[in-house]
Amino acid sequence: MELRQLEYVVTLADEGQFTRAAAVCQVSQSGLSAAIRSLEEELSSPLFARTTRRVSLTDAGRAFLPFARQTLAQASAARDAVVRATQSLSGRLRVGAEQCLGLVDVPALLERFHRRYPLVEIQFTQAGSHDLVDQVHAGLLDVAFVATTEHLGAVSSVEIGRGPIVALVPQGHPLASRAGIRWRDLTGLEFIDFRESWGVRSLNDATCRAQGVRRRVGCTVDDVHTLLDLIHRGLGIALVPRHVADKPQAGGLVAVPLPSAFPSWVVSAITGMHAEPSASRLLEILDSDEPACSTSVVAVPRG
């Protein structure tokens, strides 16, 4: 029994499908499936009941899951204890993030950092990606997690991941039964979107403008859950990252694929030229091989 197998079990239990669990764990679907199957053989009991659409825990899986979570938590705490005993770091860390990035759990990341470096004062700001980029440029933030590739300039950028944008519509909407959407299908519809400082808003605006799609944003929000509530109430549709459509609050809404030419939504960690040393330690934790399905990062040089 390996920590990685426990990690896969916990993630599959949380996600309910192999495709999404494999994406979260940054492993192939066949690799994740084989690792779980090997663990089930070792335990002489299936942990999941598999169907063509979803997987669910068996009675044995439900009994096993809390111990898997506990073991992973203890392993993580043990790693942090070793780092804390062998390294010292003080000062401050100023972090910013856009809400609900999906590809990185910023509060969990800050918790890990605090456990390792308890003497560092953490300051956290939540704002739209473009505002965060400006704050990094101005030296007001050491590191920011953003969903934009625009106006980065000389900041250092590390791509965390990317994913598709989908149209999120209420049931009964004319687009809800479509297998896909054409550009002309979007013209003249009522839209709900985020404020202009959000990365996805500028991506939506630029893409629709380039494709000749005229859209009216009747409701502008600064909160993901408010956006979902407005869609439920029939006040418009939204173009959102796929993980937003997977939130429990989006239950009952329909995610419809957009044209393949629609750009991917990209999440990155950016740091300024004069960032505190603690910023690099935070990114080391993000990039470390931890038993918690942390997303691997790939450096993206910027001019």
What's the number of the condition His274 fails, among (1) within 28 Å of Val27 (Cβ to Cβ); (2) touching a residue at least 12 places away in the same chain (Cβ under 8 Å)?
(1)
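So that you can scan it fast, the table gives a plain yes or no per residue for (1) over 26 Å from the mean Cα position of the chain (by Cα); (2) of a type in the set (Gly, Ala, Ser):
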| site | (1), (2) |
| --- | --- |
| Gln26 | no, no |
| Ser38 | yes, yes |
| Glu41 | yes, no |
| Leu47 | yes, no |
| Leu72 | no, no |
Just checking, how many residues over segment 136-151 are over 20 Å from the mean Cα position of the chain (by Cα) and either surrounded by fewer than 21 Cβ atoms within 10 Å (Cβ to Cβ) or on the phi > 0 side of the Ramachandran plot (or both)?
5
Among Ala127, Ala167, which is farther than 19 Å from Ala250 by Cα and of a type in the set (A, V, I, L, M)?
Ala127
Residue check, Met1 against (1) within 26 Å of the chain's Cα centre (by Cα); (2) at pLDDT below 90, all met but one. Which one?
(1)
For segment 3-59, give me each residue that is among the basic types (Lys, Arg) and over 23 Å from Ala78 (Cβ atoms).
Arg20, Arg37, Arg50, Arg53, Arg54
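Table: residues versus (1) small (Gly, Ala, Ser); (2) over 19 Å from Phe262 (Cα atoms).
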| site | (1), (2) |
| --- | --- |
| Trp183 | no, no |
| Gly188 | yes, no |
| Asp193 | no, no |
| Arg201 | no, no |
| Asp205 | no, no |
| Gln211 | no, no |
| Val217 | no, no |
| Thr220 | no, yes |
| His225 | no, yes |
Between a residue in segment 108-127 that is on the phi < 0 side of the Ramachandran plot and any residue that is loosely packed, with under 14 Cβ neighbours inside 10 Å and among the aromatic types (Phe, Trp, Tyr), which pairs come within a Cβ distance under 9 Å, given they are 6 or more apart or on different chains?
Leu110/Phe124
If you take the residues of segment 13-33 that are touching a residue at least 40 places away in the same chain (Cβ under 8 Å) and in contact with a Cys (Cβ under 9 Å, 6 or more places away or on another chain), which of them is surrounded by the most Cβ atoms within 10 Å (Cβ to Cβ)?
Cys25
Would you be able to say whether some residue in segment 195-203 is assigned by TED's automatic domain parsing to the domain that holds Asp229, outside any helix (DSSP H, G or I) and over 21 Å from the mean Cα position of the chain (by Cα)?
no
Name the residues in segment 137-159 that are assigned to a loop (DSSP other than H, G, I, E, B) and among the hydrophobic types (A, V, I, L, M, F, W, C), would you?
Ala138, Leu140, Leu141, Ala147, Leu152, Ala154, Val155
3 or more residues buried (at least 17 other Cβ atoms within 10 Å of the Cβ) and in contact with a helix residue (DSSP H, G or I) (Cβ under 8 Å, 6 or more places away or on another chain): qualifying strands (runs of 3 or more DSSP E) within segment 34-135:
91-97
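The values are calculated or read from the model by the stated rules, or taken from the named source; none is laboratory data. These numbers were taken from a predicted model, which means no experiment stands behind them. With ideal geometry, Cβ positions are generated from the backbone for all residues, glycine too; neighbour counts draw on all protein chains shown.
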